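Visitor: I have a structure here, written as structure tokens, and I will follow up with some questions on it.
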Amino acid sequence: MADKPRVIISGFADEGPQDKKAESQLVMLAALGLSYYSLRFTDVGGGVKNVMQLNSREVKRLCRLHDDFGIRVSSIGSPIGKVKLFDVDDGTSNAFVPFDRYLKREVARAIELAQAFDTKLIRGFSFYHPKGTASEDHLDEATARLSRIAHACSKAGVYFGLEVEANLVGQSGRLLQKLYRGVDDPHLCLIFDG
């Protein structure tokens, strides 16, 4: 008999306790009866950081805390894709990182963290297009980059979950659908964000 499908309920625990301490987040999750959460911002003893900035000691400590509380990570809440598509001065403070370097460092780090926290999903975004331009005009470039991210995820056995976000190429459901169809890789999925 085939396994019955199951639904995992999770959320960003950093939206609960104001101190964002790992223990506070895990206590809140346990009190709510949740067994999973999306790991984004946390304080594991070195101050509040995005998961991407955690050092190896903090990752190990957080894994021990997860075991202690019986809590698992449903997804990594990364900022992947929140960089400029092009190195142009458009009046914003958004960073530009050459994509090959970005893929080797930031994307590889997100994949490494997904594996360390035993999750299959990395949440991310669809890149800043130059301010004052139409996001639709940059679908091809964003699709090409997302394809490479999905390919990297595929090789590691994880998935990239693309979220809608204002001021990015995928700033609407319609544009996310075009990116998804353009990438056409099972290791790219769309994240519903209510």
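The values are calculated or read from the model by the stated rules, or taken from the named source; none is laboratory data. Small disclaimer: the values here were computed from a predicted structure and weren't measured. When we count neighbours, we look across all protein chains shown, and the Cβ atoms used for this are built from the backbone with ideal geometry, even at glycine. Please note that ligands, DNA and RNA were not included when accessible areas were found on the heavy atoms of the full protein model with its side chains. Shrake-Rupley method; radii C 1.70, N 1.55, O 1.52, S 1.80 Å.
Visitor: Please report, as a whole percent, how much of the solvent-accessible surface of the stretch 111-166 comes from carbon and sulfur atoms (probe radius 1.4 Å).
Guide: So the carbon and sulfur contribution to the accessible surface is 48 percent.
Visitor: How large is Rg over Rh for the stretch 21-103, taking Rg from the Cα atoms and Rh as the Kirkwood inverse mean of 1/r across Cα pairs?
Guide: 1.10
Visitor: Which value, in Å², gives the accessible area per residue of the stretch 123-194 when a 1.4 Å probe is used on the protein heavy atoms?
Guide: On a per-residue basis, the stretch 123-194 sits at 49 Å².
Visitor: For the stretch 128-189, restrict the atom set to alpha-carbon positions and state the Rg and Dmax in Å.
Guide: In order Rg, Dmax, the Cα atoms of the stretch 128-189 give 11.4, 37 Å.
Visitor: With all protein chains present, how much of the accessible area of the stretch 1-91 (probe radius 1.4 Å) comes from carbon and sulfur, to the nearest whole percent?
Guide: Taking all protein chains in place, the stretch 1-91 shows 52 percent carbon and sulfur surface.
Visitor: Now for a different question. Given Cα pairs under 8 Å that are at least 6 residues apart, what percent is the relative contact order of the chain?
Guide: 16
Visitor: Probe radius 1.4 Å, ligands and nucleic acids left out: which of Val83, Val88, Val27 has the largest accessible area, and how do the rest follow?
Guide: Heavy-atom accessible area, descending, gives Val27, Val88, Val83.
Visitor: Any number yet on Rg/Rh for the chain, C-alpha, Kirkwood?
Guide: Computed over Cα atoms, the ratio is 0.98.
Visitor: In vacuo Debye scattering of the stretch 1-69, one point per C-alpha: log10 I(q)/I(0) at q = 0.17, 0.24, 0.25 Å⁻¹?
Guide: Taken in order of the listed q values, log10 I(q)/I(0) reads -0.60, -1.05, -1.13.
Visitor: Continuing with this model, one more query. Given Cβ point charges of +1 (Lys, Arg) and -1 (Asp, Glu) and nothing else, what value in debye, to the nearest 20, does the dipole of the chain about its Cα centre take?
Guide: Roughly 480 debye for the chain.
Visitor: If you don't mind, there's one more thing I want to ask. Taking the Cα-to-Cβ direction at Val88 and at Gln177 and moving 7 Å from each Cα, how far apart do the two end points lie in nm?
Guide: In this crude label model, Val88 to Gln177 measures out at 2.8 nm.
Visitor: Also: Students sometimes get this wrong: rank Met28, Met52 by accessible area, probe 1.4 Å, all chains present, largest first.
Guide: Output order, biggest surface exposure first: Met28, Met52.
Visitor: Here is a further query. Checking the cross-link filter: which lysines have an alpha carbon closer than 27 Å to that of Lys84, excluding same-chain neighbours under 8 positions apart?
Guide: Hits, sequence-local ones excluded: Lys49, Lys104, Lys120, Lys131, Lys155, Lys178.
Visitor: Semi-axes of the equivalent ellipsoid for the stretch 46-86, please: Cα gyration tensor eigenvalues, times 5, square-rooted, ordered largest first, whole Å.
Guide: So the equivalent ellipsoid measures 25, 13, 7 Å along its semi-axes.
Visitor: Report the relative contact order of the stretch 1-54, percent, no decimals, based on alpha-carbon pairs under 8 angstrom and at least 6 residues apart.
Guide: Computed value for the stretch 1-54: 34 percent relative contact order.
Visitor: Multiply the residue gap between Glu23 and Phe41 by 0.36 nm, knock off their C-alpha separation, and tell me the result in nm, one decimal place.
Guide: Working it through step by step, the gained length comes to 5.2 nm.
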